[in-house]
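The values are calculated or read from the model by the stated rules, or taken from the named source; none is laboratory data. Remember, it's a predicted structure, so these values are computed and weren't measured experimentally. Note that we place each Cβ from the backbone using ideal geometry, even for glycine, and neighbour counts take in every protein chain shown. Surface areas here come from the heavy atoms of the whole protein model, side chains and all, with no ligands, DNA or RNA. Shrake-Rupley method; radii C 1.70, N 1.55, O 1.52, S 1.80 Å.
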Amino acid sequence: MRGQVFGWRWRRNPLRRRSDVVEAWTVLLVLFLLVLGAPAAGVAVGWWAHGDARAHAVAERAALDLVSAVVVEDAPDAAPTAHGDKQPQYWVQARWTEPDGGSRTGEARVQAGTERGDRADVWLDSAGRSVPAPPTDTAVWQHALAMGTWTTGGVVAVVLLGHFAVRRVATRHRLAEWEREWARTGPEWRHRRA
C-alpha cells in the first residue's frame with residue numbers, strides 16, 4: 001500500500017489534477033532549496049563577508065599606528081561578577097610617544113581596574129588621535145558567521161513563503177476544479193433516490 005501511495009501525484013491517475021502535479025513539483029523544489037540552496041547561499045555570503053571584513057581589518061591596521069602608553073589616571077574599579085564576565089573598558093588619560101618622536105597626552109581605552117603607571121596599547125590614526133582598535137580575527141569570523149546565518153535564514157523564509165503562496169494558489173485551483181465538476185455531476189445525483 002505504501003508504494004502505491006508514494007508518488008501518486010506524478011503517476012497517471014483519473015483523480016490527479018494539474019494543481020496536484022504543480023504542488024508535487026513545488027514540494028520537490030522546496031526540499032531541494034531548503035536542503036542544498038539555503039546552506040549554499042549562507043556559505044557563499046559568509047565566505048564573501050569574511051574576505052571583505054578581513055580586507056577591511058587589514059587596511060585599517062595598516063592605516064593605524066600601535067603605540068604603548070603609560071596610564072596617568074586610575075580607571076574605575078572592576079565590578080564583582082558571579083561568573084567572571086568580561087569587564088567594561090573605560091577611556092582614561094594616558095601619555096605616549098608618537099611615531100615621529102613627540103610626546104602626547106590623550107585618552108586611551110583600558111580595562112576596568114587599570115591603575116596609574118600601568119601600560120596600555122593605544123591605536124592612533126594619521127592625525128595622531130586615539131581611536132578604537134581595528135577588528136580582531138575573532139570579530140571578523142563573528143561577522144562572517146552572522147552574515148552567513150542571516151542569509152540562510154532569509155533564503156529559508158523566502159522559499160517557505162513562496163511555497164505557501166504556490167500551495168494557496170494550487171488549493172484555490174483545485175477547489176475551483178472540484179466546484180466545476182460538481183456543477184456538472186451534481187444534478188445527476190440529486191434525481192436519484194435510494
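Computed values, structure above
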item	result
Of all residues in region 104-144 being of a type in the set (Ser, Thr, Tyr) and open to solvent by less than 80 Å² (accessible area, probe 1.4 Å), the one that is modelled with the highest pLDDT	136
Residues (in contact (Cβ under 8 Å) with a residue 24 or more places away in the chain and surrounded by 14 or more Cβ atoms within 10 Å (Cβ to Cβ)) located in region 14-26	17, 19, 20, 22, 23, 26
Residue in region 63-72 that is open to solvent by 60 Å² or more (accessible area, probe 1.4 Å) and assigned to a helix (DSSP H, G or I) present	yes
Members of region 122-132 found to be free of Cβ contacts under 8 Å to residues at least 24 places away in the same chain and either farther than 20 Å from residue 108 by Cβ or in contact with a Phe, Trp or Tyr (Cβ under 9 Å, 6 or more places away or on another chain) (or both), listed by number	132
Residue within region 174-182 that is free of Cβ contacts under 8 Å to residues at least 60 places away in the same chain, open to solvent by less than 50 Å² (accessible area, probe 1.4 Å) and not aliphatic (A, V, I, L, M) present	no
Test: residue in region 43-50 that is at pLDDT 90 or above, of a type in the set (Val, Ile, Thr) and open to solvent by less than 60 Å² (accessible area, probe 1.4 Å)	yes
From the options 186, 101, residue that is on the phi > 0 side of the Ramachandran plot, open to solvent by less than 60 Å² (accessible area, probe 1.4 Å) and without any contact (Cβ under 8 Å) to a residue 40 or more places away in the chain	101
